[in-house]
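Peer 1: Structure provided below as C-alpha cells; questions to follow.
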Amino acid sequence: EAQPAPVVIIGTGLAGYGLAREFRKHDSDTPLLLITEDDGRAYSKPMLSTGYTKNADAAALTQSDAGTMAANLDASIWTMTRVQAVDTARKVLRLADRETEVHYTALVFATGASVIRPPLGGNALERVYSVNDLMDYDDFRTAMERLAVKRVAIIGGGLIGCEFANDLLNGGFEADVIDPLQHCLPTLLPEPCARALQAGLEAKGARFHFGPLVTEVNYPAGSTDTVQVSLSDGSMLDADIVVSAVGVRPNIELAKSAGIAVNRGIVTDRLLKTSAPDVYALGDCAEVEGHVLVYVAPLMAAARALGKTLAGEPTTVSYPAMPVTIKVPACPTVVAPPAEDAEGEWQFSLDGTNTQGEYRNEAGDLLGFALTGEATKQKMALQKQLPPIMA
Ligand code: FAD
C-alpha cells in the first residue's frame, strides 16, 4: 500500500520545529518531513546573544541533534539539504544537487530570515562575522578563540548589536558599536529610552559611534594581527574582529520563484495560507495579514494555530500585544512598539536610566510603551492596557 505524500516543512528553526511539535499533538499518523539546509540541531536562537554571559558555546546551546528530533517527532528530517524549487501545481519540491522529486500534501515555508550584509570594502572582510544561526555562532566562537580577540567592533546599534555588545562586555571583551543613525535601537525605541540603554552599556565600557557608516575593514600594512575599521566620517577604529548586525530580511526568494505572492515576507492570511493551494508560511519568513514580526512569541502563536489547521481543524491565528524584552542587563529594556499606522504621541517620565515612555492617542488610549531600568516593573500593568496586534 502506497504511503500518502507527507506534510513537508522547509526549515528547522523555532518555527519549523515548533510547528512540527504542535502538529504532532493533533495528528500522530500523517507522514511528516522536515528539510533544512543547516545541520538540523534544535536550539533557541535568542540564546546566541547571551552565550558569553552564560558561558555557553554552540555545543552547550544545542538542545537536540536532528536524529533525536526525528525520533521525538516521528518525522523524517533531511539536513544539509536545500530546497531549490517548488511546483505548486504538481505539488512537488526539487532539491539542490539531487534528481529526486518530493511530493507533498501540504507544504510549509519556515525558511526564516537572512542577515543583511552591508556593502564593505577592504582586504580583511574575512574578519567580519554575522551570527544568525547556530552554525554561524560556532564559527564566531571558534574565531574569537583562534584570534585571541580582545576588542570587537559591532556594525549596527539595533537590538542584535546592543545585545551582542552587552554579552561581549560580560565576556570581558571591549566593544565599539557603530551606527549611521543617531541613537541605538532606532526602529524600536524612542530616543529617551534608547539614551538610557546606551548609558547603561557605556557604564560597562561600550563605546558608541553614531552617525557614520562603516566603509572598509583592512589589515594594517604588514600585519594580520588586528584590523582597522574605517568609518565614513574619516575616523578609524582598531579591532580584532568585526560583528555585522545590521538587520535581517525574510527569505522569500524560493516562494517568489514558485509564483507565490510575496511582499516584505511571504504573504499569508490568518490561516497562515499563502496564495498557492495547500502552501503555508510562518515565522521570520512570513507576512501575516501585513505583519512581519521577527520574534519568537508570534511564531509560537502561529505554530499553535497551523498545527491544528494541518491536522484538519482550520484555525486562525491571533496576535495579542507582545512586548519585546531586549536582553541588555546593563539596562533592562522592554518595548511594545505602536503599530506602524498608529496615531498618537509619546509621553515620557524620566529618572536617570529609569525611563517610561507611553504612546497614547488623543482619546488617551495606550497604543505602545517603552520601559528601561526600574520602569520595566510596569510591564505587566501596561501590557494589559494595550490593544491586540491582530485581534
Ligand atoms: P530560522 O531559525 O532562521 O530558521 C530558518 C530555517 O529555514 C533554517 O533551518 C534554514 O536552514 C531553513 N531554510 C531556509 N531556506 C531553506 C531552503 N531553501 N531549503 C532548506 N532549508 C531552508 N526573538 C525574540 O522574540 N526574543 C529574543 O530575545 C530574540 N533574540 C534574538 C537574538 C539573536 C542573536 C537573533 C539572531 C534573533 C533573536 N530573536 C529574538 C529573533 C528570533 O530568534 C527569530 O524570530 C526566530 O528564531 C526565527 O525562527 P524561524 O524558525 O522563523 O527562522
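The values are calculated or read from the model by the stated rules, or taken from the named source; none is laboratory data. Model, not experiment: these values are computed from the prediction. No Cβ is skipped: glycine too gets one built from the backbone with ideal geometry, and neighbour counts run over all protein chains shown.
Peer 1: Being part of a strand (DSSP E or B) and either touching a Phe, Trp or Tyr at 6+ places or on another chain (Cβ under 6 Å) or within 18 Å of ALA153 (Cβ to Cβ) (or both) is the filter here; which residues of segment 78-132 pass it? I'd like the intermediate steps shown before the answer.
Peer 2: In the first step, residues of segment 78-132 are kept if they are part of a strand (DSSP E or B); the result is 78, 83-87, 92-95, 101-103, 106-109, 113-115, 121, 128-129.
Correct list: VAL108, VAL115, GLY121, VAL128, TYR129.
Peer 1: Go through segment 12-42 and give me each residue that's near the ligand (Cβ under 7 Å from one of its atoms), touching a Phe, Trp or Tyr at 6+ places or on another chain (Cβ under 8 Å) and in contact (Cβ under 8 Å) with a residue 60 or more places away in the chain.
Peer 2: ILE35, the sole residue that qualifies.
Peer 1: On to the next question. Please find, among GLU289, GLU216, the residue that is in contact with a Gly (Cβ under 6 Å, 6 or more places away or on another chain) and either polar (S, T, N, Q) or surrounded by fewer than 19 Cβ atoms within 10 Å (Cβ to Cβ) (or both). I'd like the intermediate steps shown before the answer.
Peer 2: Working: GLU289 fails: in contact with a Gly (Cβ under 6 Å, 6 or more places away or on another chain).
None of the others qualify; the one that does is GLU216.
Peer 1: Right, here's the next one. Does any residue of segment 16-35 turn out to be over 19 Å from ARG304 (Cα atoms), modelled with pLDDT of 95 or more and under 20 Å from the mean Cα position of the chain (by Cα)?
Peer 2: yes
Peer 1: Across segment 326-347, what is the total count of residues that are at pLDDT 95 or above and surrounded by fewer than 14 Cβ atoms within 10 Å (Cβ to Cβ)?
Peer 2: Residues that pass the stated criteria total 3.
Peer 1: Sticking with this structure for a sec: Can you say whether VAL334 is within 16 Å of the ligand (Cβ to nearest atom) and in a strand (DSSP E or B), as far as the supplied structure shows? Give the steps one after another, and end with the answer.
Peer 2: Details: within 16 Å of the ligand (Cβ to nearest atom): yes; in a strand (DSSP E or B): yes.
The answer is yes for VAL334.
Peer 1: I'd like to verify a number: residues in segment 142-191 that are in contact (Cβ under 8 Å) with a residue 12 or more places away in the chain, part of a helix (DSSP H, G or I) and surrounded by fewer than 18 Cβ atoms within 10 Å (Cβ to Cβ), how many?
Peer 2: Looking only at that region, the number is 2.
Peer 1: With the condition kept exactly as written, say whether any residue in segment 243-258 is under 23 Å from PRO338 (Cβ atoms), over 22 Å from the mean Cα position of the chain (by Cα) and surrounded by fewer than 16 Cβ atoms within 10 Å (Cβ to Cβ).
Peer 2: No, segment 243-258 contains no residue that is under 23 Å from PRO338 (Cβ atoms), over 22 Å from the mean Cα position of the chain (by Cα) and surrounded by fewer than 16 Cβ atoms within 10 Å (Cβ to Cβ).
Peer 1: Another question about this same structure. Look through GLU313, GLU287 and report the one residue that is charged (D, E, K, R), assigned to a loop (DSSP other than H, G, I, E, B) and either near the ligand (Cβ under 9 Å from one of its atoms) or at pLDDT 95 or above (or both).
Peer 2: Values: GLU287 fails: assigned to a loop (DSSP other than H, G, I, E, B).
The conditions single out GLU313.
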